[in-house]
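The structure appears below as structure tokens.
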Amino acid sequence: MARHFAESMIGHRNALAGKTEDAVKAQYALNRTAEALTDGHEDHRKASRTVLDNWRGDQSEGFEKRSNRLGRQLRVTADAARDAEKVVAGVSATLTTNHTRARQAVEEYLDRAVRVLDAGVAVGTRAALLKAVAAAADLEPRYTKETAAALRTARDELEDAARRLRALEREVEHDGVADARPERTRGRTRPSQARERGRARTILAKARKEIGTRENPPGSNRNPYGPTAAWCSSFATAMWRKAGVDIPLLPFTGDVFRWGRRNGKAYTNLKHVRPGDVLLFGSGPQSPATSTHIGIVEKVEGGTVTLIEGNSGDAVRRNTHSLGSGKFYGGVHP
């Protein structure tokens, strides 16, 4: 009877156990990969050096350039594997902690419920047994809430880790080495890149037309883009929708970043910023206190970024900022 009441919390515990095992395996695999790539990089460096020390000819310079390029590829990929290992190690630690938390909750519940039920059986009357069953059932919600919270914490960590791993994957794909000419294939722009650029141009054209639009009356938060509330995010998502981006009206900036994470478009490494994106001000998407503002990227020049922002001084304005993690916690591609 106690295990029947504990069915949900046992499911939470078992789910955490499986995820923990998977994380440990992934961490080990990434460790082995990083070591193999590091060893491969060193072996390649030594071999190419030996060849070049004994080769003087018309083709040696070209060989050296290709060799150096391959060496950089190996190093970048090895570094990414080590960074990924650290991400997964953090996940593994969180999963282990929350599995322990869930397991202890299950054990404590079963111990208490069994003692309550045994006491009812010992009395031997139907009324006592029914009372004991009710008491065991009343104990269940508190412990199920605890195991559900442990599973939710682990899932949030997994979601964040997946986002960081996707960012690492993009760094390897577009590091300027493995993808030396990312913008062109055989001299022509890829169709997907052409669509992205066209969408960015449309977003910026729509946003520029709105510059100068003010809330009415001033200080009221009444705006043409969304509900009567802080409207920087309503403006940004409205411009995206006008350009064909399938994103709902999201008045809270943190929800835009979460949308990006769910769709594989969010990033925290600001070197991925490009026109048409949105940048998120603050330290994270958790609450309005940590995710404070949003703007559409118009251009990036060195260490500065120009944004078109809704609800900037009660209006749509163009502002320039220093591009850094101290101001922005991330961005999202449309």
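The values are calculated or read from the model by the stated rules, or taken from the named source; none is laboratory data. Remember, it's a predicted structure, so these values are computed and weren't measured experimentally. With ideal geometry, Cβ positions are generated from the backbone for all residues, glycine too; neighbour counts draw on all protein chains shown. Areas reflect the complete protein model, heavy atoms only, side chains present, ligands, DNA and RNA absent. Shrake-Rupley method; radii C 1.70, N 1.55, O 1.52, S 1.80 Å.
List of remarks:
- Subset of region 277-292 that is assigned to a loop (DSSP other than H, G, I, E, B) and small (Gly, Ala, Ser) - its residue that is least open to solvent (accessible area, probe 1.4 Å): GLY284
- Criterion violated by LEU130 - all others in (1) hydrophobic (A, V, I, L, M, F, W, C); (2) open to solvent by 70 Å² or more (accessible area, probe 1.4 Å); (3) touching a helix residue (DSSP H, G or I) at 6+ places or on another chain (Cβ under 7 Å) satisfied: (3)
- Checking the stated criteria, GLU159 turns out not to satisfy the condition of being acidic (Asp, Glu), modelled with pLDDT of 90 or more and assigned to a helix (DSSP H, G or I).
- Some residue of region 103-112 being charged (D, E, K, R) and crowded, with 19+ Cβ neighbours inside 10 Å: yes
- Those residues of region 41-82 which are under 25 Å from ASN269 (Cα atoms) and either open to solvent by less than 70 Å² (accessible area, probe 1.4 Å) or in a loop (DSSP other than H, G, I, E, B) (or both), in sequence order: GLY71, GLN73, LEU74, VAL76, THR77, ALA78, ALA80, ALA81
- Across region 15-33, the qualifying residues are those that are among the hydroxyl-bearing types (Ser, Thr, Tyr) and surrounded by 17 or more Cβ atoms within 10 Å (Cβ to Cβ), and the one among them that is modelled with the highest pLDDT is THR33.
- The listed residues are ARG274, ARG261, and the only one of them that is open to solvent by 50 Å² or more (accessible area, probe 1.4 Å) and either closer than 20 Å to ALA205 by Cβ or in a helix (DSSP H, G or I) (or both) turns out to be ARG274.
- Complete set of residues in region 215-258 that are open to solvent by 20 Å² or more (accessible area, probe 1.4 Å) and assigned to a helix (DSSP H, G or I): ARG241, LYS242, ASP255, ARG258
- When residues of region 293-318 are limited to those that are in a loop (DSSP other than H, G, I, E, B) and touching an Asp or Glu at 6+ places or on another chain (Cβ under 7 Å), the one modelled with the lowest pLDDT: ASP314
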